[in-house]
Amino acid sequence: GAGVSQSPSNKVTEKGKDVELRCDPISGHTALYWYRQRLGQGLEFLIYFQGNSAPDKSGLPSDRFSAERTGESVSTLTIQRTQQEDSAVYLCASSLESSGGETQYFGPGTRLLVL
Amino acid sequence: DAKTTQPPSMDCAEGRAANLPCNHSTISGNEYVYWYRQIHSQGPQYIIHGLKNNETNEMASLIITEDRKSSTLILPHATLRDTAVYYCIVRANSGGSNYKLTFGKGTLLTVNP
């Protein structure tokens, strides 16, 4: 079946511009996660959505970062006034739900380069 | 979550079995052992997970020692496309912020022709 999809696959932007990244989770998955991975580094948790519960935004690095999710489907991660240190791969994952530690399945990521 | 220790790199000949070890001596009773891999420039890929019994799926086998302090991921017939960084993690099955995955440095497996 279809996995997690993300778009765009690559994004090059100029410092100060806003960018919007999209994630389509696996159908039926109620939990959705955003992570960031800098070059050669591990995963950095950003935000987590579970059904209609309030999202866990504790990993967002600054107020320039925000994310929304429409019901149990598409999510968008928005970075305002991008900075060079925002350059990274932004990964989205989804799972059936998270209370039981369900397996997270990742998308291919969006590679963001801020010039 | 308990910490894991993996060798930084391993080599394997194409067609041979690749056995990737992981130590997790401080694992708790409710923590599962998960394996993911990340092929260059791709997102992490789930491989397998287990609690205490050995597990097998179409990708790999997972052997967990009886005391659960270590495990081995086995790729029975490695191919060049299995070259990747393999991550072993342990995570609780419920409670707290167990949904926040963190990867260590993992093992870079290089499959050679």
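Residue B:91 fails exactly one of the following numbered conditions: (1) within 10 Å of chain A (Cβ to nearest Cβ); (2) charged (D, E, K, R); (3) more than 14 Å from the chain's Cα centre (by Cα). What is the number of that condition?
(3)
Specify the residue that is farthest from residue B:111 (Cα to Cα); the eligible residues are those in the stretch B:32-81 that are touching a Cys at 6+ places or on another chain (Cβ under 6 Å) and more than 14 Å from chain A (Cβ to nearest Cβ).
Looking at residues that are touching a Cys at 6+ places or on another chain (Cβ under 6 Å) and more than 14 Å from chain A (Cβ to nearest Cβ), I get B:71.
Would you be able to say whether some residue in the stretch B:86-108 is under 30 Å from residue A:39 (Cβ atoms), crowded, with 19+ Cβ neighbours inside 10 Å, of a type in the set (A, V, I, L, M) and at pLDDT 95 or above?
No, because not a single residue in the stretch B:86-108 is under 30 Å from residue A:39 (Cβ atoms), crowded, with 19+ Cβ neighbours inside 10 Å, of a type in the set (A, V, I, L, M) and at pLDDT 95 or above.
Is it true that some residue in the stretch B:6-16 is within 14 Å of chain A (Cβ to nearest Cβ) and closer than 18 Å to residue A:3 by Cβ?
Within the stretch B:6-16, not a single residue is within 14 Å of chain A (Cβ to nearest Cβ) and closer than 18 Å to residue A:3 by Cβ.
Provide a single number: the residues in the stretch A:19-52 that are within 15 Å of the chain's Cα centre (by Cα) and either away from every other protein chain (no Cβ under 13 Å) or within 14 Å of residue A:77 (Cα to Cα) (or both).
So the answer is 17.
Just one of A:62, A:58, A:73 is part of a loop (DSSP other than H, G, I, E, B) and within 14 Å of another protein chain (Cβ to nearest Cβ); which is it?
Every option except A:58 fails the conditions.
Criterion first (at pLDDT below 95 and of a type in the set (S, T, N, Q)) does residue B:23 satisfy it?
no
The values are calculated or read from the model by the stated rules, or taken from the named source; none is laboratory data. The structure displayed is predicted, hence computed values, not measured ones. Glycine also receives a Cβ, built like all others from the backbone with ideal geometry; neighbour counts cover every protein chain displayed.
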